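Reading through the structure tokens given below for one structure.
Each value in this text was obtained by applying a stated rule to the coordinates, not by laboratory testing. Quantities reported herein were computed from a predicted structural model and do not represent experimental measurements. When we count neighbours, we look across all protein chains shown, and the Cβ atoms used for this are built from the backbone with ideal geometry, even at glycine.
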Amino acid sequence: MYKKNKKIIKLNILFTFNNVLCTLTNIEGDTLFWISAGVKKSRGTKKITLVVITSMLKLILEHLIKLKITYIHLNLNGFDKNKKIVLKYFKQSFLNILSITNNSKLSHNGCKSLKKRSI
């Protein structure tokens, strides 16, 4: 369970093509709280909109207020233009951000393209 003397939390945010997943973990890696964009009853590409992401972040902040946590490590995964919005939202909040890591995998040109068909 949650140790009350620990006030530092990791927030892992995974941006996929159709969804956004957020998990709050303590330093050891035990999950305290998780939420996805599907909680807001939105489907398909509507899950990646700005309104849904900010409402998810509001729920996370409410949970952090309940736990009385002020220090946080941010871990962002995946490709999305909304990463800047998440960072801006947390900078305006009461939280002290200790570190920000971006674990996006970059492609290395991928497979060889197919040969042009000659007719």
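Mind pulling the angle between the C-alpha long axis of helix 83-92 and the longest principal axis of the chain? Nearest 10 degrees, somewhere in 0 to 90.
Once rounded, one gets 20 degrees.
Taking mean projected area of the Cα convex hull in nm² straight from the coordinates, which label in [x] 13.0; [y] 8.1; [z] 10.3 is the correct one?
[z]
Can you tell me the 0 to 90 degree angle between the C-alpha axis of helix 50-67 and the longest principal axis of the chain, rounded to 10?
30
Could you work out how much longer the chain between Asn19 and Arg117 gets when fully extended? Use 0.36 nm per residue separation minus the Cα distance between them, nm to one decimal.
Numbers: separation 98, 0.36 × 98 = 35.28 nm, distance 3.75 nm.
That works out to 31.5 nm of additional length.
Ignoring everything except DSSP H segments at least 4 long, calculate the 222 nm mean residue ellipticity for the chain; use -39,500 (n - 2.57) per segment, divide by total residues, nearest 500.
Numbers: 2 runs with 28 residues, N = 119.
My calculation for the chain gives -7500 deg cm²/dmol from helical runs alone.
Taking amide hydrogens as modeled 1.01 Å from N in the peptide plane, which residues meet the under 5 Å criterion relative to Val20, leaving out close sequence neighbours?
Ala37, Gly38
Would you list Ser113, Ser93 from fewest to most Cβ contacts within 10 Å? Mind dumping the intermediate values first?
Details: Ser113 7, Ser93 16.
Ascending Cβ contact count within 10 Å gives the list Ser113, Ser93.
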